[in-house]
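The values are calculated or read from the model by the stated rules, or taken from the named source; none is laboratory data. What you are looking at is a predicted structure, and each value in this text was computed from that prediction instead of being measured. No Cβ is skipped: glycine too gets one built from the backbone with ideal geometry, and neighbour counts run over all protein chains shown. Surface areas here come from the heavy atoms of the whole protein model, side chains and all, with no ligands, DNA or RNA. Shrake-Rupley method; radii C 1.70, N 1.55, O 1.52, S 1.80 Å.
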Amino acid sequence: MAQVLAAHLPEMAEIQPELVAQHYPAAGLSAQAVPSWQRAGELALQRSANLETVNHVTRGLEVLTALPETRERAQQELALQITLGPALAATKGQQAPETERTYARPVRWRGR
């Protein structure tokens with residue numbers, strides 16, 4: 001379904017990437033969901049839809065936990081955390097533990 005949406009309705013996939021993202025894991029293509037969750041978070045953040053941003057980015061981070069530790073995964077995690085930070089600050093406050101953890105979270109990659 002995700003591939004059909006992306007291929008045949010690219011404008012919808014661009015405007016509502018969360019629709020595409022939620023279908024990838026069901027097809028066993030979890031890694032392909034992460035960029036869509038990232039894009040959905042970015043679009044929500046641009047609209048100041050901070051709760052949506054937190055939801056989309058959190059789902060992307062959840063998908064990442066099941067993927068092997070690679071350089072690409074570390075880069076994706078960093079991008080998601082960067083998107084998450086301002087949304088948490090707006091919804092929870094700068095001093096909230098969730099916000100502080102997001103900004104303090106080290107992104108590790110043990111590759112060569």
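Cβ-Cβ contacts under 9 Å between residues 6 or more apart (or on different chains), taken from a first residue in segment 62-81 that is under 21 Å from Y103 (Cβ atoms) to a second residue that is surrounded by 14 or more Cβ atoms within 10 Å (Cβ to Cβ) and of a type in the set (S, T, N, Q), are listed as L64/S30; L64/Q76; Q76/Q38; A79/Q38; L80/Q38; L80/T58; Q81/T102.
Of the listed requirements (1) at negative phi; (2) at pLDDT 95 or above, A66 misses just one: (2). Among the candidates E14, E69, the residue that is surrounded by fewer than 16 Cβ atoms within 10 Å (Cβ to Cβ), of a type in the set (D, E) and in contact with a Gly (Cβ under 8 Å, 6 or more places away or on another chain) is uniquely E69. All conditions in (1) free of Cβ contacts under 8 Å to residues at least 40 places away in the same chain; (2) under 24 Å from T99 (Cβ atoms) hold for S36, with the sole exception of (2). State yes or no: is Q75 closer than 21 Å to M12 by Cα and surrounded by fewer than 18 Cβ atoms within 10 Å (Cβ to Cβ)? No; evaluated as a whole, the condition is false for this residue. Based on this model, can you work out whether P35 counts as within 19 Å of E18 (Cβ to Cβ) and either at pLDDT below 90 or open to solvent by 20 Å² or more (accessible area, probe 1.4 Å) (or both)? Judged against the criteria, P35 is a match.
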